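Inspection log for the structure reproduced underneath, given as C-alpha cells.
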Amino acid sequence: MKWVSERVGASDFVATANTLSLNVTRTLKLDRKLDVQREPEPDPESAWKYTQAYFDESLDKVFGVIHRPVFEARLRAHFESEQLDDDSIWYALRNTVYASGCKISLTKEDRPNAFVDAQAKAWRYFENALSMHTDLIYMRTGLPAVQTLLAMAFFTEGLGNPALEYMLVSNALRLAQSKGLHRQPVETWNMQEPEIQHRNWLFWAIYAYEKHIAFRSGRPSAIDDDDISCQIPTTTPEGSAINFDFFIQIIKHAQITSAIAKELSSVKASKQPPEVIIEKAHELDQRLRDWKDNIPPHLKPELPFRFAYLLPGTHLYHIVYLHFAYYGSLIAIHSVFTYPWNSSGFTRNPTSAIRDQISASTQIVVDASRKIILATKFIDVNGSWPTWLTFFYPLLGLINLFVYVLKFPGLASTTSDLALMDVVAGHFGFLEFASNSKISFPFTAEITSLARATVKKAREKAGGGPEQLGLSPPIYPIPEPSVGSLYPLGEVSCPASCNLESFGSNHLQYGATDITDICLEDWPSFLPSISRVSSMALNRLLADEDMDFIPMN
C-alpha cells in the first residue's frame, strides 16, 4: 500500500485498499448464529427439481462426489417411506443438494431480486446441513459424511455465500485421512475393486480442491504429498458423472501448485539464496508448461475458446478454469521476482542472471494477467457460479496489471493495458448489477482510475508519449524455455526504467503511522500466496505487531 501510494501520489489509497480488505474478509465468517428453527424441507416436486439442477448443472458434478443413482434411489425411498428417517448424515447431504440445486434454479429466473431470493432460500437449506456439522465430524460415520462435508464446501464456494470452504474442506480432509483414504488399500483390508475405486476418486477430489483453496488463499495446505499412497484411478465408476479427462488435469495441476507452495512460498523457501530460488522457479515453470502442453485437445485452455468442440459432460467453465489455473500459476511462480515490495533480496548483490530473471518474470506476469483478463468476457455472471470464476482470477489479473502500469506508466502498451483494466472494472460493475448491489467492489474501478491518472500525470510531466519518458519496452516475446535454462539469458532486456533501485528496500520502510493504518488480520492476499511479501519486511512487521496475518480465502 505504501508503494502504491508513492507511485500514484495519493495518500487515500490505504483507505481504498482497507475497504476492499474488509469487504472480502467479512465473508470469511458467519455474521450471525444459525437459526434455531430449521427450514422445512421442500415438497417432492421441488426436491426433485433441485436434485436435477444439481446433478445436471453444477460445475462440481464432474468430481462425482455424490453418486447420482445412489442418491436418487435413497431420495425416492425417503419420500415413499412413512417412517421418519432421522439419519443426520443423510439429512445433511440431501439439504446440501437442495441448497445447490435451489440456487441454480432460482438464479436463472428472469425476474427482479432473483439473485437475492435464491441466496436467501438456498442458505436456509444449507443451514439445515450445517446444523449437523458436529455429527458429521464426531459421530461414527462412513464415507457419506466425507462426501457431505466436501459437497458443503463446494456450495460455500458459490458467489455471495459466506466463504467457509477452507474450513469445510479441511474437515472433509481430516475425516478422510482418519478413514485412511489417503492410503492405497492393501489386500488385508478385503475391499472390492469398486469400493477401492470409489475411495480413491473421493480422496483425489478432496486433494484437488483443498490444494486449490490453499493455493488461492495463501493459507497452508493440510496435505503432505509425501504421505500419499492412494493411486489416481484410471477408470470411472459405472453411472458416475466424473469427467475423467478434466478431473485428471485438475489433479495434476493441484500437484504442481503444491510444489509451488512448498518450493517458493514456504517460510523455508523464503530463506534460500536467490540463485536457488531462480533454479526452482525454472523447474516449476517447465513442469507447468509441460502440463499445459499435454492437456487433451478438447480441453486446451487457449484463447479463443472453442465452443463447438465441447464434449458431453464438459462445460465451457471447465476450460476457463484450466486457463485461469495455468496463468495464475505462472503468476505465482514469477511474481516472487517482480513485486517491488518483494525484490530486495534479489537486488543487494545483483548478478546478470538476477537482472535478466527480474525482466523475464516481469513480462511473464503481465502477459499472464492479460490472458486472464481476456477470458473474463466468457463469464456469464450468475449467482450460482463459484468465487474463483467470478471474483478471484479477474481480480488477480487486474491487480498485477495495475502494478505493472504503475511501474512503467510510459510504455506504448499502457493504453491497451488501461483498457483491459476497464474490462475487469466493467465485469465487477455487472456483478453488482446482477446481484442487486448485494455484491459490490468499487475498489476495482478506483484503482483503474488511479492507474489512468498516474499515466496521464507521467506523460504530462514528460511532455508527450513514452518516447519522451525514456521508457523503451522490453524485447518481446520471450523465447520458449530450453532444457536446463528457463530463458536464453541475454535475449531479454529490461525497460530503461526497470532499474534495481525501483525494486529496492526504500519501499519497505514502514513508519509508525503506516503500521497503524494497516490491519494485518484483515489484509487479504490477491497474489496467490502470502509469502510473496518480502520475508524481511514481513518479519519486521510481525515483530512490531503481534497479529495473525490472515490472507484471502
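The values are calculated or read from the model by the stated rules, or taken from the named source; none is laboratory data. Small disclaimer: the values here were computed from a predicted structure and weren't measured. Virtual Cβ from ideal backbone geometry, glycine too; neighbours counted across all protein chains shown. Heavy atoms of the whole protein, side chains included, go into the accessibility calculation; ligands, DNA and RNA do not. Shrake-Rupley method; radii C 1.70, N 1.55, O 1.52, S 1.80 Å.
Points to keep in mind about this one:
- Scope segment 218-245; condition open to solvent by less than 60 Å² (accessible area, probe 1.4 Å), of a type in the set (Asp, Glu) and within 23 Å of residue 66 (Cβ to Cβ); matching residues: 245
- The criterion of at least 1 residues that are in contact with a Pro (Cβ under 7 Å, 6 or more places away or on another chain) and aromatic (Phe, Trp, Tyr) is met by the following helices (runs of 4 or more DSSP H) wholly inside segment 10-103: 44-57, 68-80.
- A search for C-beta distances below 6 Å between a residue of segment 347-359 that is modelled with pLDDT under 85 and any residue that is in a loop (DSSP other than H, G, I, E, B), counting only pairs 6+ apart in sequence or on different chains, returns 347/504.
- Of all residue pairs spaced 6 or more apart or on separate chains, those with beta-carbon atoms under 6 Å, a first member in segment 29-55 that is closer than 18 Å to residue 104 by Cα and small (Gly, Ala, Ser) and a second member that is at pLDDT 90 or above and open to solvent by less than 10 Å² (accessible area, probe 1.4 Å) are 53/101.
- Candidate set: segment 378-402, residues that are open to solvent by 10 Å² or more (accessible area, probe 1.4 Å) and assigned to a helix (DSSP H, G or I); chosen: the one farthest from residue 333 (Cα to Cα): 378
- So residue 326, is it in contact with a His (Cβ under 9 Å, 6 or more places away or on another chain) and at pLDDT below 85: no
- Per-region count, segment 287-317, residues modelled with pLDDT of 90 or more and open to solvent by less than 10 Å² (accessible area, probe 1.4 Å): 3
- When 260, 277, 256, 248 are checked against the criterion of being crowded, with 16+ Cβ neighbours inside 10 Å, over 28 Å from residue 297 (Cα atoms) and of a type in the set (A, V, I, L, M, F, W, C), 277 stands alone in meeting it.
- Residue check, residue 419 buried (at least 18 other Cβ atoms within 10 Å of the Cβ), at pLDDT 90 or above and of a type in the set (Gly, Ala, Ser): no
- Evaluation of residue 116 against (1) within 24 Å of residue 439 (Cβ to Cβ); (2) crowded, with 18+ Cβ neighbours inside 10 Å; (3) of a type in the set (A, V, I, L, M) (one fails), failing number: (2)
- Residue 107 vs. criteria within 26 Å of the chain's Cα centre (by Cα) and of a type in the set (Val, Ile, Thr): yes
- Test: residue in segment 435-444 that is farther than 21 Å from residue 335 by Cα and basic (Lys, Arg): yes
- For residue 272, the stated conditions hold: it is surrounded by 14 or more Cβ atoms within 10 Å (Cβ to Cβ), of a type in the set (S, T, N, Q) and closer than 30 Å to residue 334 by Cβ.
- Only residues that are crowded, with 24+ Cβ neighbours inside 10 Å and either within 18 Å of residue 41 (Cα to Cα) or touching a Pro at 6+ places or on another chain (Cβ under 8 Å) (or both) were counted in segment 130-150, giving 1.
- Odd one out for residue 371, checked against (1) more than 30 Å from residue 298 (Cβ to Cβ); (2) in contact with a helix residue (DSSP H, G or I) (Cβ under 6 Å, 6 or more places away or on another chain); (3) charged (D, E, K, R): (1)
- Test: residue in segment 424-441 that is touching a Gly at 6+ places or on another chain (Cβ under 8 Å), part of a helix (DSSP H, G or I), open to solvent by less than 30 Å² (accessible area, probe 1.4 Å) and in contact (Cβ under 8 Å) with a residue 12 or more places away in the chain: yes
- Looking across 75, 59, one residue alone is in contact with a strand residue (DSSP E or B) (Cβ under 8 Å, 6 or more places away or on another chain) and within 27 Å of residue 236 (Cβ to Cβ). It is 59.
- Given (1) open to solvent by less than 50 Å² (accessible area, probe 1.4 Å); (2) touching a residue at least 40 places away in the same chain (Cβ under 8 Å); (3) closer than 23 Å to residue 130 by Cβ, index of the condition residue 75 fails: (2)
Yes/no per residue for (1) at pLDDT below 50; (2) within 23 Å of the chain's Cα centre (by Cα):
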position: 425; (1), (2): no, yes
position: 438; (1), (2): no, yes
position: 460; (1), (2): no, no
position: 470; (1), (2): yes, no
position: 474; (1), (2): yes, no
position: 479; (1), (2): yes, no
position: 482; (1), (2): yes, no
position: 488; (1), (2): yes, no
position: 491; (1), (2): yes, no
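- Number of positions in segment 159-180 that are part of a helix (DSSP H, G or I) and open to solvent by less than 30 Å² (accessible area, probe 1.4 Å): 8
- Neighbours by Cβ (under 8 Å, 6+ apart or cross-chain): first from segment 220-232, touching a residue at least 24 places away in the same chain (Cβ under 8 Å) and assigned to a loop (DSSP other than H, G, I, E, B); second open to solvent by 70 Å² or more (accessible area, probe 1.4 Å) and among the acidic types (Asp, Glu): none
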